[in-house]
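Everything on this sheet refers to the single structure shown next.
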Amino acid sequence: MNLHNLKPTEGSTKKSKRIGRGQGSGKGGTSTKGHKGAQSRSGYSRKAGFEGGQMPLYRRVPKSGFKNISRIEYNAINLSTLQYLFDKKGLTSIDLDVLKANGLASKKDLVKILANGTLSAKLEVKAHAFSEKAKQLIEANGGTAITL
């Protein structure tokens, strides 16, 4: 087998349907659009979700809940993660730059420290928010929790 004698498997390729190229093609005249009606006209486009006049799904299904536009979304980081950073990297001060450098937060993230896990290190932690218990545990070890 060489490059010059390669060809697709039998039946894997089809010829494209050439519409509106005369009666002899079998697809002339109405160009497979049928007779009359909106779909046969030029410039017709069916709107998204149209179901032939039947009440569309997005109107049949009841709506529920709401989006709170004043919600503040935080990226949660646990005390166990801070302890890991202290153990592996030897960091005593943890701020947004450190978290970004270690892939725990991205540029525009708001960071909240949560009290999941244990903390035995004396750390200076700077974040946008702290849970009450996390703040207590950081300060119990002699560290400081600074809210940005």
Review point. Across the stretch 89-124, what is the number of residues that are closer than 21 Å to Gly142 by Cβ, surrounded by fewer than 14 Cβ atoms within 10 Å (Cβ to Cβ) and out of contact with any Leu (no Cβ under 9 Å at 6 or more places or on another chain)?
Key: 4
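Take the conditions of a type in the set (Phe, Trp, Tyr), under 27 Å from the mean Cα position of the chain (by Cα) and closer than 30 Å to Asn141 by Cβ and apply them to Tyr58. Does it pass? Steps first, please.
Values: of a type in the set (Phe, Trp, Tyr): yes; under 27 Å from the mean Cα position of the chain (by Cα): yes; closer than 30 Å to Asn141 by Cβ: no.
No.
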Review point. Which residue, of Ile72, Ile77, is closer than 30 Å to Leu104 by Cα, surrounded by 10 or more Cβ atoms within 10 Å (Cβ to Cβ), in contact with a Leu (Cβ under 9 Å, 6 or more places away or on another chain) and β-branched (Val, Ile, Thr)?
Key: Ile77
**Study point:** Pairs where the first residue, in the stretch 63-92, is closer than 16 Å to Ser131 by Cβ and the second is of a type in the set (Asp, Glu) and surrounded by 12 or more Cβ atoms within 10 Å (Cβ to Cβ), C-beta under 9 Å, 6+ apart
**Key:** Glu73/Asp109; Tyr74/Asp109; Asn75/Asp109
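Coordinate-derived values only; no laboratory data. Just so it is clear, the model here is predicted, and its values are computed rather than measured. Cβ sites come from the backbone with ideal geometry, for glycine too, and all protein chains shown count toward neighbours.
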